[in-house]
1. Order of 108-121, 62-75 by packing, highest average Cβ count within 10 Å first?
2. Carbon and sulfur together cover what percent of the accessible area of segment 18-90 at a 1.4 Å probe radius?
3. For segment 12-97, what is the accessible area per residue in Å², given a 1.4 Å probe and the full set of protein chains?
4. Peptides 76-86, 6-16: what's the order by average Cβ count within 10 Å, highest mean first?
5. Let a ≥ b ≥ c be the square roots of the eigenvalues of the Cα gyration tensor of segment 2-66; is it rounded (a/c under 1.5), or, if not, prolate (a/b larger than b/c) or oblate?
6. Residues of segment 5-24 with backbone nitrogen within less than 18 Å of a virtual label 7 Å along the Cα-to-Cβ line of ILE85, please, listed as ranges.
Amino acid sequence: MPLDPRLVATGWLSACASALSDCNVGALTELFLPNGWMRDWLVFTWDIRSLDGRPKISSYVAPSLYAAQFTDIHLDESEDLSPRIAILDALQNAEAVELAFKFQCARGPGRAFVRLISDPFDGDYRALTAFFQLCELHGHEEPGTLPHREELAGIPGRDMGLAFEEY
């Protein structure tokens, strides 16, 4: 039977969402391969870290998982990020499932990108890599447009709404 990336992704994400919202560090780390990698970009702490292996991932997220307050965890279904199959040459042409998901956390909205492969011991799909990224800070959202003020441009009469070529 062919691999269904959406089925694999939604199953893994369901377990991940439960672990994150229940603040269950053990359940979260079990979703990684024993030698899996997690990259955190300001979601769990005010740091940027890469961690390899379940023990390091567990030690890192344990003190901050409750404070992270994960909610609204859902699969990213956009065209370029919806679940798909990828072939990993480094692992003798192993089939991986790649997925992205979005979430809210205490600091703001975030997203994650995950690559799953089949665990050779039990066949379950687990994370080889997972990258958690804070996208924006609550209370410090970027404006949709730039202000039209010459003191910001540094050029008298400069209208920041016009194309650069006009100057």
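The values are calculated or read from the model by the stated rules, or taken from the named source; none is laboratory data. Bear in mind the structure is a predicted one, so any value in this text is a computation, not a measurement. Neighbour counts are summed over all protein chains in view; Cβ atoms, including those assigned to glycine, are modelled from backbone coordinates with ideal geometry. For accessibility, only protein heavy atoms count, side chains too; no ligands or nucleic acids. Shrake-Rupley method; radii C 1.70, N 1.55, O 1.52, S 1.80 Å.
1. Listed from highest to lowest mean packing, they are 108-121, 62-75.
2. Numbers: 2120 of 4050 Å².
After summing per-atom areas, the C and S share lands at 52 percent.
3. Numbers: 4670 Å² over 86 residues.
In whole numbers, segment 12-97 has 54 Å² accessible per residue.
4. Ranking the peptides 76-86, 6-16 by packing returns 6-16, 76-86.
5. Working: a/c = 1.92, a/b = 1.59, b/c = 1.21.
Prolate, since a/c reaches 1.5 and a/b exceeds b/c.
6. 5-12
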